[in-house]
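**Student:** Okay, handing you the structure first.
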Amino acid sequence: MPMDEFLLNIVKKHGDRILLKESDRKPKTSKKKRKKPLPINGNLKGNHLDKFDEWQGISPWDPSVGGDGYPRFLCDVMVEGLAKHLRCVGIDAAIPYSKKPEPRELIMQVQKENRVLLTRDAKLLRHDYLANNQIYKVKSLLKNEQLLEIIETFQLKISEDKLMSRCTKCNGMFIQKPLTTEEAVEAAKGFQKIPNCLFNKNLEFWKCMDCHQLYWEGTQYHNAVQKFVDICKLSD
């Protein structure tokens, strides 16, 4: 079709720039940005990983490096059951924010909360973002044995008066003063049901300061205390 004079001048002036090239005829592939992988130490291959199975250096909570002396752990999904056992003996043991965390999320949580990551995943030992004193590979498979392994490895001091002193549900601390039955009933309204059989037993109730879960010193509590007294050999 005939061009008007204005368009014809544009074609004459810029025609060499707007002509299609052979490469322009080929379909272009999508170039999506991928997340950069966390750096991996190239030297940690094969047998080199073995030496990182052992605990390295000083714990981040050690007062000599500016810590407050209170052990803090992060149990990944592979040792999540260990977290509840540690809480039962009074040790601060968190779990990942998400159910399927990426290594980057675990590393950020460890560094933000000044914890030691407990895992059975050997691949996590390769990440340079975690110092040797920020991660430990748990060797035992059973929860009771894992608990003893952590107590021995980190030389944790466990006492009977600290048993069942943390919320096993969320890792929170209990209120300092116990609740009466009447106070517990009021606190549990619309949240938790207290069995009627407990009302005439004059029990003390304890409430988690974080998730508000209520606990009481019933048969289940005493059985749990005895269990961890036996596991940790506190009666010897």
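The values are calculated or read from the model by the stated rules, or taken from the named source; none is laboratory data. Just so you know, these numbers come straight off a predicted model, no measurement behind them. So basically every Cβ, Gly included, is an ideal-geometry build from the backbone, and we count neighbours across all protein chains shown.
**Student:** Just checking, how many residues over segment 93-111 are over 18 Å from Cys170 (Cα atoms) and without any contact (Cβ under 8 Å) to a residue 24 or more places away in the chain?
**Tutor:** Number satisfying all stated conditions: 4.
**Student:** Also: Taking the stated definitions as given, is Ile135 within 26 Å of Gln226 (Cβ to Cβ) and in the same structural domain as Glu80 (by TED's automatic domain parsing)?
**Tutor:** Criteria not met by Ile135.
**Student:** Could you say which residue among Glu183, Glu145 is in the same structural domain as Ile91 (by TED's automatic domain parsing) and assigned to a helix (DSSP H, G or I)?
**Tutor:** Glu145
**Student:** Which of the residues that make up segment 91-117 are under 20 Å from Ile231 (Cα atoms) and in contact with a strand residue (DSSP E or B) (Cβ under 6 Å, 6 or more places away or on another chain)?
**Tutor:** Asp92, Ala93 - these are the residues of segment 91-117 that are under 20 Å from Ile231 (Cα atoms) and in contact with a strand residue (DSSP E or B) (Cβ under 6 Å, 6 or more places away or on another chain).
**Student:** In the list Ala188, Ala122, which residue meets the criterion of being in the same structural domain as Met108 (by TED's automatic domain parsing), in contact (Cβ under 8 Å) with a residue 24 or more places away in the chain and among the small types (Gly, Ala, Ser)?
**Tutor:** Ala122
**Student:** Ok, one more. So, in segment 212-236, of the ones that are in a loop (DSSP other than H, G, I, E, B) and farther than 30 Å from Glu186 by Cα, which residue ends up modelled with the highest pLDDT?
**Tutor:** Going through the qualifying residues, I end up with Cys232.
**Student:** Check segment 93-114 and report whether any residue there is modelled with pLDDT of 95 or more and within 14 Å of Pro71 (Cα to Cα).
**Tutor:** yes
**Student:** Something else now. Does segment 202-211 contain any residue that is at pLDDT 90 or above, surrounded by fewer than 16 Cβ atoms within 10 Å (Cβ to Cβ), of a type outside the set (Asp, Glu) and not assigned by TED's automatic domain parsing to the domain that holds Thr153?
**Tutor:** yes
**Student:** While we're here: Is at least one residue of segment 136-155 aliphatic (A, V, I, L, M), buried (at least 17 other Cβ atoms within 10 Å of the Cβ) and touching a His at 6+ places or on another chain (Cβ under 6 Å)?
**Tutor:** Yes: segment 136-155 contains one or more residues that are aliphatic (A, V, I, L, M), buried (at least 17 other Cβ atoms within 10 Å of the Cβ) and touching a His at 6+ places or on another chain (Cβ under 6 Å).
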